[in-house]
Amino acid sequence: MNLRDAIRTIPDFPKPGIMYRDITTLLTNRRALAEAVIQLSAPYKYKDVDNVAGIEARGFTFGTAVAYELGAGFVPIRKKGKLPFDTFEQDYELEYGTDTVEIHADSIRKGENVLIIDDLIATGGTAEAAVHLLRKTGANIIGAAFVVDLPELGGVERLVRMGIPVTTLVKFDGH
């Protein structure tokens, strides 16, 4: 199945010149959703993954399914202020300012093998913040996987420079 065909493109959203890659059409297509989970999981099937870390919010959708497929636990990486217990935090740069992601401090034990999952990688800022955050826990990050890659924005290369192997399923030129 060609997953690209299951992803809708909406021109000029959220502003003129942007081609928005809408994965809700993939999520509502049961064959495409199942195929995406299988493809995201496949490279890590025999890597002894302890936990899958999903980045808020669509990373939760794919991350929990991949965790189930791999027999691993699931750890949410959330925006600041959403977790009720002790956390590690990591700031990251946005186009206009900064934001913060956090993780429960006791969600990952030192040395555990962790796979990062999200729906899309663009500039890689949020994914890079997730890497720094997980390294604070002592996690062994074995990879990062994304359904959609916008290669012109350089996010995959950013993670590779950090020593993180990256898997993507669909590439879209333009942004």
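The values are calculated or read from the model by the stated rules, or taken from the named source; none is laboratory data. Treat the numbers as computed from the prediction; the structure is a model and nothing was measured. Neighbour counts run over all protein chains shown; Cβ positions are idealised from the backbone, glycine included.
When you check residue 98 against the structure, is it assigned to a strand (DSSP E or B) and over 17 Å from the mean Cα position of the chain (by Cα), yes or no? Outline the logic, then answer.
On the way: assigned to a strand (DSSP E or B): yes; over 17 Å from the mean Cα position of the chain (by Cα): yes.
Here the answer is yes, as residue 98 does meet what is asked.
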message: Residues that are buried (at least 19 other Cβ atoms within 10 Å of the Cβ), under 17 Å from residue 169 (Cα atoms) and in contact (Cβ under 8 Å) with a residue 40 or more places away in the chain: does segment 123-133 have at least one?
response: yes
Within segment 11-37, residues being of a type in the set (Val, Ile, Thr), over 25 Å from residue 100 (Cα atoms) and in contact with a strand residue (DSSP E or B) (Cβ under 6 Å, 6 or more places away or on another chain) number 1
Condition set among the aliphatic types (A, V, I, L, M) and either touching a Ser or Thr at 6+ places or on another chain (Cβ under 9 Å) or within 29 Å of residue 100 (Cβ to Cβ) (or both), scope segment 38-59, selection surrounded by the most Cβ atoms within 10 Å (Cβ to Cβ): answer is 53
When (1) under 17 Å from the mean Cα position of the chain (by Cα); (2) over 20 Å from residue 132 (Cβ atoms); (3) at pLDDT below 95 are applied to residue 70, the one that fails is (3)
Pairing a residue in segment 25-38 that is free of Cβ contacts under 8 Å to residues at least 60 places away in the same chain and closer than 16 Å to residue 58 by Cα with any residue that is part of a helix (DSSP H, G or I) and charged (D, E, K, R), where Cβ atoms lie under 6 Å and the two sit 6 or more apart in sequence or on different chains, gives 37/69
Considering only strands (runs of 3 or more DSSP E) wholly within segment 1-83, the ones with at least 2 residues that are within 18 Å of residue 170 (Cβ to Cβ) are 8-11, 19-22
Cβ pairs under 8 Å, 6+ apart or interchain, first in segment 158-171 and in a strand (DSSP E or B), second among the basic types (Lys, Arg), ordered by first then second residue, are 170/4
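Where residues in segment 73-106 are of a type in the set (Val, Ile, Thr) and modelled with pLDDT of 95 or more, which of them is surrounded by the fewest Cβ atoms within 10 Å (Cβ to Cβ)?
Filtering segment 73-106 down to residues of a type in the set (Val, Ile, Thr) leaves 75, 77, 87, 98, 100-101, 103.
Of the ones still in play, those that are also modelled with pLDDT of 95 or more are 75, 77, 87, 100-101, 103.
Details: 75: 23, 77: 27, 87: 20, 100: 15, 101: 23, 103: 23.
Ranking the qualifying residues of segment 73-106, first place goes to 100.
In contact (Cβ under 8 Å) with a residue 24 or more places away in the chain, touching a Lys or Arg at 6+ places or on another chain (Cβ under 9 Å) and outside any loop (DSSP other than H, G, I, E, B), is that true of residue 142?
On the way: in contact (Cβ under 8 Å) with a residue 24 or more places away in the chain: yes; touching a Lys or Arg at 6+ places or on another chain (Cβ under 9 Å): yes; outside any loop (DSSP other than H, G, I, E, B): yes.
Criteria met by residue 142.
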